[in-house]
Ligand SMILES: Nc1ncnc2c1ncn2[C@@H]1O[C@H](COP(=O)(O)OP(=O)(O)OP(=O)(O)O)[C@@H](O)[C@H]1O
Ligand SMILES: [Mg+2]
């Protein structure tokens with residue numbers, strides 16, 4: 001209907017002045033028609049009766065109806081919303097044939113149209129229609145104007161949810177859209193199908209940061225904190241990079257500094273953790289996700305980076321870009337854009353080398369303060385390194401105590417380890433079975449072996465590497481194997497993930513758990529808990545070390561293959577559940593594993609495992625769509641369809657369907673039809689009715705959207 005009106009109106013007198021428009025449409029009507037055939041007209045009559053009832057009760061004037069659509073005008077906005085709510089309740093309560101759900105999307109907007117002979121005229125009619133079009137079946141959406149009129153007079157059991165600002169087709173100004181949440185009815189939907197989204201203003205919501213809570217006490221670093229926070233408060237440049245070797249405590253220090261500044265940046269402090277990310281092209285998307293900004297890119301011309309910079313243009317916030325070293329060029333480019341386009345944004349980066357862009361200030365993170373060779377017991381805590389050792393040792397063994405006897409060895413360990421926090425942490429984790437004296441001795445042997453001479457010849461990064469080797473060599477063989485194999489995970493893992501990875505290794509659950517918890521005890525694996533799951537991970541430097549071991553073991557291909565199999569299985573289980581009542585749970589689960597999926601995709605595409613790549617993109621397409629990761633989805637889909645080998649036809653057809661759907665929602669109506677017809681042929685040959693239905697639905701949408709565009 002697209003907002004136009006007809007002359008043969010059933011209601012000759014249209015309300016004038018300020019009018020609230022309601023547009024409604026049944027979702028998936030083509031599917032329903034195919035499923036129900038002649039019964040469909042009965043369904044349509046029942047739907048119309050429910051809707052008309054609600055409109056009549058609340059004084060609505062039906063301006064136009066066509067097929068499954070209604071265009072209704074109300075003299076009062078509150079009545080229009082009440083009618084929409086009644087209609088949704090009526091539809092939900094109705095018993096439909098064959099147990100199907102009839103889901104109607106609704107959009108409301110209030111404006112001051114002209115009432116011409118031919119009906120309503122003016123942009124407000126179009127705006128209301130556009131709002132109706134971006135929603136989903138069962139969803140009721142309000143424009144800013146309508147929301148302002150009704151928000152204090154909502155019907156019982158009804159509330160409003162801010163969905164942020166949206167760019168609508170052919171509407172110049174971005175529209176703040178709110179969803180009407182009706183108790184007992186479906187309230188969670190995918191991101192709106194608008195051209196661009198800016199989620200609700202982060203500044204308006206508490207908390208204004210996404211910093212993780214600290215799991216262990218923070219030791220020392222007071223002078224550094226003062227210096228860093230001062231530099232961020234009065235920046236001469238707006239980028240400060242903390243530099244240091246792996247494990248020196250850059251991340252920890254930057255998190256502390258950022259936490260101290262939360263109240264000083266009106267739009268808060270936001271951590272973007274790059275350690276997990278491997279793909280430089282995803283740097284802007286990764287940052288946008290951390291800030292809660294999502295964008296549905298309008299074709300190639302407007303990227304998520306553009307959306308993020310326009311969102312940040314008027315914000316005063318601190319962004320923490322953590323662990324940039326492995327994506328240094330992409331991070332530098334991203335930082336440079338932010339500095340140029342977003343005058344209120346201040347950046348704190350951590351990296352093993354500087355970003356090398358104009359205006360960058362650097363701060364070299366020093367080692368923890370190391371004591372002189374002889375030290376009094378009461379002075380132990382005045383030096384950061386020894387204080388830190390004791391803190392970590394007590395965490396490992398609560399009965400641990402510094403004594404006159406072990407004191408010189410603790411000092412020796414800290415000095416040998418150059419005051420590098422991660423190295424000290426690895427050594428202190430051993431006090432459960434080794435006395436400081438033994439630890440000091442073993443470390444000395446290890447370093448002597450490495451340098452063939454005195455310990456002082458070792459540069460710092462080698463000290464850490466040697467400490468990691470030392471720690472690794474003290475593991476039992478099964479622990480060593482597990483540690484090495486765990487490095488195939490990217491961005492952490494759950495217990496189920498390890499079980500999936502090792503399922504062919506005939507390892508009992510008890511042994512696995514024991515080995516895993518030993519690695520946690522030895523500080524080689526970190527663990528974090530939230531309500532949903534316990535996740536494990538490795539600090540970046542530790543992960544690198546384990547990856548080197550895996551590469552040298554000759555087992556990398558085998559375990560990467562198994563890793564991929566496990567995550568294909570997970571994606572395939574999750575795919576249909578993303579369209580069920582458990583949608584949010586599965587969406588979050590896939591989000592947590594996203595970097596693992598990417599690792600699997602990278603492996604499958606690089607090693608020409610065409611079936612694996614096609615299965616992954618086929619199963620993840622819906623997730624990417626839901627999360628608004630459309631640009632990324634498009635890239636993986638294209639890569640998987642352009643591989644040297646061809647996947648099995650059914651897998652190819654499914655991937656094509658997902659690719660077609662994504663092209664379509666990004667407004668590309670030219671690309672999909674040929675591809676989707678190819679998929680349709682494949683599904684038809686295979687007699688796969690569900691696949692055929694997907695294709696036909698897509699083709700139907702392409703032709704109806706193309707028609708709308710012509711109009
Ligand atoms: N001041 C501190 N107080 C308590 N723990 C610390 C401190 N500094 C570092 N640590 C601990 O030492 C370990 C290494 O620190 P961190 O991860 O910050 O190093 P990094 O320099 O960021 O390393 P990478 O280069 O690998 O990213 C972590 O477990 C961290 O919690
Ligand atoms: Mg770090």
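Could you tell me how many of the residues in segment 271-288 are part of a helix (DSSP H, G or I) and in contact (Cβ under 8 Å) with a residue 60 or more places away in the chain? If you could, list the steps in order and put the result at the bottom.
First, pick out the residues of segment 271-288 that are part of a helix (DSSP H, G or I): 280-288.
Add one more test, that the residue is in contact (Cβ under 8 Å) with a residue 60 or more places away in the chain, and what stays is 281-282, 285.
Number of matching residues: 3.
Yes or no, residue by residue, for (1) in contact (Cβ under 8 Å) with a residue 24 or more places away in the chain; (2) surrounded by 19 or more Cβ atoms within 10 Å (Cβ to Cβ); (3) more than 16 Å from ligand 1 (Cβ to nearest atom):
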{"site": "505", "(1), (2), (3)": "no, no, yes"}
{"site": "520", "(1), (2), (3)": "no, no, no"}
{"site": "527", "(1), (2), (3)": "no, no, no"}
{"site": "530", "(1), (2), (3)": "no, no, yes"}
{"site": "537", "(1), (2), (3)": "yes, yes, no"}
{"site": "541", "(1), (2), (3)": "yes, yes, no"}
{"site": "549", "(1), (2), (3)": "yes, yes, yes"}
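Which residues, taken from segment 382-399, are assigned to a loop (DSSP other than H, G, I, E, B) and surrounded by fewer than 19 Cβ atoms within 10 Å (Cβ to Cβ)? Talk me through it step by step, then tell me what you get.
Step one: of segment 382-399, the residues assigned to a loop (DSSP other than H, G, I, E, B) are 383, 397-399.
Residues satisfying the conditions are 397, 398, 399.
Within segment 112-135, identify whether any single residue is assigned by TED's automatic domain parsing to the domain that holds residue 37 and in contact with a helix residue (DSSP H, G or I) (Cβ under 8 Å, 6 or more places away or on another chain), and answer yes or no.
Of the residues in segment 112-135, the ones assigned by TED's automatic domain parsing to the domain that holds residue 37 are 112-135.
Now narrow it down to the ones that are in contact with a helix residue (DSSP H, G or I) (Cβ under 8 Å, 6 or more places away or on another chain): 112-113.
Yes, that holds for at least one residue.
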Tally of residues being in contact with a helix residue (DSSP H, G or I) (Cβ under 8 Å, 6 or more places away or on another chain) and closer than 12 Å to residue 81 by Cα across segment 136-164: 12
Spans of strands (runs of 3 or more DSSP E) in segment 57-163 with at least 3 residues surrounded by 16 or more Cβ atoms within 10 Å (Cβ to Cβ): 61-66, 69-74, 104-111, 140-142
Pick from segment 164-188, criterion more than 14 Å from residue 132 (Cα to Cα) and buried (at least 19 other Cβ atoms within 10 Å of the Cβ), ranking: modelled with the highest pLDDT: 182
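Each row is one residue, and each column tells you yes or no for (1) assigned by TED's automatic domain parsing to the domain that holds residue 272; (2) touching a residue at least 12 places away in the same chain (Cβ under 8 Å).
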{"site": "345", "(1), (2)": "yes, yes"}
{"site": "349", "(1), (2)": "yes, yes"}
{"site": "352", "(1), (2)": "yes, yes"}
{"site": "360", "(1), (2)": "yes, yes"}
{"site": "370", "(1), (2)": "no, yes"}
{"site": "381", "(1), (2)": "no, no"}
{"site": "389", "(1), (2)": "no, yes"}
{"site": "395", "(1), (2)": "no, yes"}
{"site": "404", "(1), (2)": "no, yes"}
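Residues 482, 474, 513: which one is more than 16 Å from ligand 2 (Cβ to nearest atom) and loosely packed, with under 15 Cβ neighbours inside 10 Å? Show your work before the answer.
On the way: 482 fails: loosely packed, with under 15 Cβ neighbours inside 10 Å; 474 fails: loosely packed, with under 15 Cβ neighbours inside 10 Å.
Criteria check complete, one pass: 513.
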Search result, residues across segment 256-270 that are under 30 Å from residue 459 (Cβ atoms) and either within 8 Å of ligand 1 (Cβ to nearest atom) or part of a strand (DSSP E or B) (or both): 256
Filtered residues of segment 247-285 (kept if farther than 19 Å from residue 525 by Cα and within 16 Å of ligand 2 (Cβ to nearest atom)): 253, 254, 255, 256, 257, 258, 259, 271, 272, 278
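Which residue out of 552, 581 is in a helix (DSSP H, G or I) and out of contact with any strand residue (DSSP E or B) (no Cβ under 9 Å at 6 or more places or on another chain)?
Working: 581 fails: in a helix (DSSP H, G or I).
Being in a helix (DSSP H, G or I) and out of contact with any strand residue (DSSP E or B) (no Cβ under 9 Å at 6 or more places or on another chain) holds for just one of 552, 581, which is 552.
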Answer residue from segment 229-252, given it is touching a residue at least 24 places away in the same chain (Cβ under 8 Å) and more than 16 Å from ligand 1 (Cβ to nearest atom) and is surrounded by the most Cβ atoms within 10 Å (Cβ to Cβ) among those: 239
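Suppose the filter is in a loop (DSSP other than H, G, I, E, B) and within 16 Å of ligand 2 (Cβ to nearest atom); does residue 241 pass it? Don't jump to the end; show me each part of the working.
On the way: in a loop (DSSP other than H, G, I, E, B): no; within 16 Å of ligand 2 (Cβ to nearest atom): yes.
Spelling it out, it is not the case that residue 241 is in a loop (DSSP other than H, G, I, E, B) and within 16 Å of ligand 2 (Cβ to nearest atom).
Here are some residues: 626, 601. Which one is under 30 Å from residue 308 (Cβ atoms), part of a helix (DSSP H, G or I) and in contact (Cβ under 8 Å) with a residue 40 or more places away in the chain?
On the way: 601 fails: in contact (Cβ under 8 Å) with a residue 40 or more places away in the chain.
Unique residue meeting the criteria: 626.
The values are calculated or read from the model by the stated rules, or taken from the named source; none is laboratory data. These figures come from a predicted structure and were not determined experimentally. Don't worry about glycine lacking a Cβ; one is built from the backbone with ideal geometry, like all the others, and counts go over all protein chains shown.
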